[in-house]
Amino acid sequence: MDYATLRTEKDAFFKSPHSPLTPEQRTSFAGLPYYEPNEALRFAQALNTDVDRAPLTLPTSTGDERQYRRAGTITFAITGQSVTLTVFEDEHGYFLPFRDGTAEDATYGAGRYLEPEQGSDGKLLVDFNLAYNPYCAYNEQYSCPIPPRENRIPVRIEAGERRYR
């Protein structure tokens, strides 16, 4: 995975008028802060689909609501600690909103997002180096789903985007 190219392209987008940044923010934008890539936080993971698939309503940062369906759970280890997160799905595909221990001091306080993809072997490709801040981290006019309680974990996932200013 060429993280440097992906990050350069994202920075270019954030400088554009289509960015979530306000025009004032774009004038001083010098790039998004990231953790160094960590290959140990990139893996293929079987999705445990034995979950309640009833629609779930997630509140958003603006008080709205969004509907998702649980696709399943993934369980993996980070720094020797077992972690289970719920992966959701909607018409756009898989969605993994999470809030980890870095939200206290290094990443966006409400949490970050990841969009796992299904590999040819049926496993989910989970790459926390691609974890990103929702647009509401940059501009409060955006309505962003808040990670549910089941995806709020104390372990630190030191990968992906860090807190912007």
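Every read-out reported here was derived from the displayed coordinates using simple, explicitly stated rules and does not represent laboratory data. Just so it is clear, the structure is predicted and the values come from calculations on it, not from any experiment. Here the Cβ positions follow ideal geometry from the backbone for every residue, glycine too, while neighbour counts run over all protein chains shown.
Quick look at the values:
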{"item": "Per-pair calculated FRET efficiency, R0 = 45 Å: E9 and V155 via Cβ, rounded to 0.05", "result": "0.95"}
{"item": "GluC sites (Glu not before Pro) lying in DSSP loop within segment 64-136, provided at most 13 other Cβ fall within 10 Å", "result": "E91"}
{"item": "Per-pair calculated FRET efficiency, R0 = 30 Å: R165 and E65 via Cβ, rounded to 0.05", "result": "0.55"}
{"item": "Cα centroid separation - segment 1-52 against segment 95-152, whole Å", "result": "11 Å"}
{"item": "Fraction of the pair-distance distribution of segment 29-84 above 18 Å, Cα-Cα pairs, percent", "result": "61 percent"}
{"item": "Mean separation of Cα contacts under 8 Å (6+ apart) over length of the chain, as relative contact order %", "result": "26 percent"}
{"item": "Backbone N within segment 136-153 under 15 Å of label point (7 Å from D105 Cα along the Cβ vector)", "result": "none"}
